[in-house]
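What follows is one structure encoded as structure tokens, with my remarks underneath.
The values are calculated or read from the model by the stated rules, or taken from the named source; none is laboratory data. All figures in this text were calculated on a predicted structure; none of them were measured in a lab. Here the Cβ is made from the backbone with ideal geometry for all residues, glycine too, and neighbour counts use every protein chain on show.
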Amino acid sequence: MDEQPDTQIQETTAFSKLFNMFSEPSAVFEEVSLQEKTTMNWLLPVAGVILVGIVFTFIVFSDPVIKQEMRNTQIQKLEEKIQKGEMTREQLDKALAFIPEPGSPIFLITGTLGMLVYAFASVLLVSLVLMLVGKWFLHVDVAYAKMMEVVGLANAVFILGTIVTILTVKIGGSINKTPSIAFFLEPFDTTSITHHLLKFVDVFSFWYVYVLSLGVRTLYQKSIGVSVGIVGAIWILYAILTSYISS
């Protein structure tokens, strides 16, 4: 009797998958799609996002120059409200006393908690949106848990991007000196939606969209063009919304 070929999947650890995202993301996503649900595939990257986010918060917001820059931005936005007649000088003074100063213990704690919420919420929400888009528009049923694994592992790019951002912000001496076109803006206008949008024009954003698209393509079983179009559209909407809020 002829021997049947061994079709068993050679499973790799979540750590291996996370690191292999930089060398062979397509192979990683293919493995994920064929394996049973594995929580660590998304939980480990989330832990990585939280870790680098905390490091970013403590290193960047402990810099005296950056702390002063952020405080000046806070004051500038409140001054604009006075000019528009939306608040009085007395209300401004009370607001400044209430708002935590950048670099203060409560500011760092708040930033850490914010990163915890962001790390989990971003994976949960992006996975939900991609799953529903596939179901409603492409008539593809994708398990939510599997989409979470794909979205989580794609955050390997975000982790590296955050590390590089720490370096550029420290070198540039400004919270707005991200590794993007915005790095070259002098001065950076915190009230300009365009300037904030330019912070999203960077190699890590394009890399993230491409890598996540590879994973989405694997689960959707559609062309890379369709996946890039969907992921890219979601990213653009996110960039516009974030820039509008920041300005």
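Filter region 195-247 down to residues that are outside any helix (DSSP H, G or I) and touching a Ser or Thr at 6+ places or on another chain (Cβ under 8 Å) and give me whichever is surrounded by the fewest Cβ atoms within 10 Å (Cβ to Cβ). Before you say what the answer is, go through the steps one by one.
Step one: of region 195-247, the residues outside any helix (DSSP H, G or I) are 199-202, 221-223, 247.
If we keep only those that are touching a Ser or Thr at 6+ places or on another chain (Cβ under 8 Å) as well, we get 199-202, 247.
Details: 199: 23, 200: 20, 201: 13, 202: 20, 247: 15.
Among those that are outside any helix (DSSP H, G or I) and touching a Ser or Thr at 6+ places or on another chain (Cβ under 8 Å), it is 201.
If only one of 142, 150, 157 is in contact with a helix residue (DSSP H, G or I) (Cβ under 6 Å, 6 or more places away or on another chain) and outside any helix (DSSP H, G or I), which one is it?
On the way: 150 fails: outside any helix (DSSP H, G or I); 157 fails: outside any helix (DSSP H, G or I).
Of the residues listed, the single one that is in contact with a helix residue (DSSP H, G or I) (Cβ under 6 Å, 6 or more places away or on another chain) and outside any helix (DSSP H, G or I) is 142.
Looking at 19, 15, 58, which is the one that is at pLDDT below 95, exposed (fewer than 15 other Cβ atoms within 10 Å of the Cβ) and assigned to a helix (DSSP H, G or I)?
Testing whether each residue is at pLDDT below 95, exposed (fewer than 15 other Cβ atoms within 10 Å of the Cβ) and assigned to a helix (DSSP H, G or I) leaves just 58.
Filter region 125-172 down to the residues that are closer than 25 Å to residue 16 by Cβ, surrounded by fewer than 19 Cβ atoms within 10 Å (Cβ to Cβ) and among the small types (Gly, Ala, Ser) and list them by number.
143, 145
Out of 85, 48, which single residue is farther than 30 Å from residue 147 by Cβ, of a type outside the set (Ser, Thr, Tyr) and either under 25 Å from the mean Cα position of the chain (by Cα) or not in a helix (DSSP H, G or I) (or both)?
85
Tell me which residues, restricted to region 160-177, are within 25 Å of residue 78 (Cβ to Cβ) and in contact with a Lys or Arg (Cβ under 8 Å, 6 or more places away or on another chain).
Those that are within 25 Å of residue 78 (Cβ to Cβ) and in contact with a Lys or Arg (Cβ under 8 Å, 6 or more places away or on another chain): 169, 176.
In region 173-194, which residue that is outside any loop (DSSP other than H, G, I, E, B) and under 21 Å from the mean Cα position of the chain (by Cα) is surrounded by the fewest Cβ atoms within 10 Å (Cβ to Cβ)?
Just the residues of region 173-194 that are outside any loop (DSSP other than H, G, I, E, B), to begin with: 181-184, 193-194.
Checking the rest, the ones that are also under 21 Å from the mean Cα position of the chain (by Cα) come to 181-183, 193-194.
Numbers: 181: 14, 182: 21, 183: 19, 193: 14, 194: 11.
Per the stated criteria, the residue is 194.
On the given criteria, is residue 119 surrounded by fewer than 17 Cβ atoms within 10 Å (Cβ to Cβ), closer than 22 Å to residue 19 by Cα, in contact (Cβ under 8 Å) with a residue 12 or more places away in the chain and aliphatic (A, V, I, L, M)?
Values: surrounded by fewer than 17 Cβ atoms within 10 Å (Cβ to Cβ): no; closer than 22 Å to residue 19 by Cα: yes; in contact (Cβ under 8 Å) with a residue 12 or more places away in the chain: yes; aliphatic (A, V, I, L, M): yes.
No, not satisfied.
How many of the residues making up region 27-63 are closer than 20 Å to residue 161 by Cβ and hydroxyl-bearing (Ser, Thr, Tyr)?
1
Hey, could you check region 62-80 for residues that are surrounded by 15 or more Cβ atoms within 10 Å (Cβ to Cβ) and of a type in the set (D, E, K, R) and say which is modelled with the lowest pLDDT?
71
Mind counting the residues in region 178-222 that are in contact with a Lys or Arg (Cβ under 7 Å, 6 or more places away or on another chain) and under 25 Å from residue 137 (Cβ atoms)?
Qualifying residue count for the region: 1.
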